[in-house]
Amino acid sequence: MRRLARSARTFLPAQLSMAQLRESAAGCTGCDLYQCATQTVFGEGAGRASMMFVGEQPGDQEDRAGRPFVGPAGKTLDKALAEAGIARRDLYVTNAVKHFKWEPQGKRRKHKKPSATEIAACRPWLEAEIAVVKPRVIICLGATAAQAAFGKAVRLNELRGRPWSTSIAPIVFVTVHPSAVLRHPDPVEREREYRGFVEDLRSIRLHLQLKAA
Ligand code: URA
Ligand code: SF4
């Protein structure tokens with residue numbers, strides 16, 4: 001018997017609608033990550049959002065809540081969006097990988113980066129979300145999301161600041177991940193990174209406004 005590479009593709013519903021996608025993704029076993037996570041954390045937001053933000057994977061709090069970006073990274077994202085003048089109602093927020101990958105560290109569940117295989121296995125969900133929401137732009141938060149969008153490992157700093165056309169969508173922007181901003185131990189550095197993040201978001205908003213004009 002022919003053996004297909006494991007991926008989320010086998011779990012895609014015949015009918016692409018947000019409700020169907022969410023339901024099917026809840027039962028996805030397209031890679032091993034479902035085994036240690038509490039639940040699938042699917043994307044959420046406006047049905048016809050103009051901007052789709054893509055993070056890495058759910059964190060500890062997202063895994064428990066079943067919703068993306070509700071923990072510390074989400075708070076930083078919300079604050080930066082507000083400062084950049086981007087309204088929540090224009091957004092859809094999701095992750096490149098839909099299950100929380102972690103390893104035990106004492107009593108904590110320590111975040112572990114998803115592998116290239118896991119990113120590729122989960123990509124059909126992201127493609128389906130894009131097909132349903134039809135956002136005008138995709139904004140990759142960090143290297144994992146960028147890897148999903150570009151289909152290979154890329155360097156964030158070389159891609160920031162301008163739109164790219166990739167196999168996943170015609171307009172893709174790349175910026176830092178809010179968790180990477182928070183991880184800076186030095187407060188001055190952290191503030192500088194945060195300002196850069198807000199600036200990236202503001203320039204994406206301006207790009208959209210110019211395109212709409
Ligand atoms: N980090 C992410 O990349 N996504 C989340 O949903 C939360 C934290
Ligand atoms: Fe399926 Fe993605 Fe979860 Fe893997 S991480 S089991 S591909 S939803």
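Table for the structure above
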read-out: S24 being touching a helix residue (DSSP H, G or I) at 6+ places or on another chain (Cβ under 7 Å), under 16 Å from H99 (Cβ atoms) and more than 9 Å from ligand 2 (Cβ to nearest atom); value: yes
read-out: Some residue of the stretch 39-60 being of a type in the set (A, V, I, L, M, F, W, C), over 17 Å from the mean Cα position of the chain (by Cα), part of a loop (DSSP other than H, G, I, E, B) and surrounded by 17 or more Cβ atoms within 10 Å (Cβ to Cβ); value: no
read-out: Test: residue in the stretch 24-37 that is touching a Lys or Arg at 6+ places or on another chain (Cβ under 7 Å) and either surrounded by fewer than 20 Cβ atoms within 10 Å (Cβ to Cβ) or free of Cβ contacts under 8 Å to residues at least 24 places away in the same chain (or both); value: no
read-out: Qualifying residue in the stretch 115-122 (condition: touching a residue at least 60 places away in the same chain (Cβ under 8 Å), within 12 Å of ligand 1 (Cβ to nearest atom) and either buried (at least 24 other Cβ atoms within 10 Å of the Cβ) or within 20 Å of R183 (Cα to Cα) (or both)); value: no
read-out: Where A46 falls short, out of the listed (1) within 16 Å of ligand 1 (Cβ to nearest atom); (2) modelled with pLDDT under 95; (3) in contact with a Phe, Trp or Tyr (Cβ under 9 Å, 6 or more places away or on another chain); value: (1)
read-out: Subset tally (residues that are near ligand 1 (Cβ under 8 Å from one of its atoms) and surrounded by 21 or more Cβ atoms within 10 Å (Cβ to Cβ)) for the stretch 61-86; value: 4
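The values are calculated or read from the model by the stated rules, or taken from the named source; none is laboratory data. As the structure is a computational prediction, the values presented were derived from the model and not from experiment. Cβ coordinates were reconstructed from backbone atoms using ideal geometry, including for glycine residues, and neighbour counts include every protein chain displayed.
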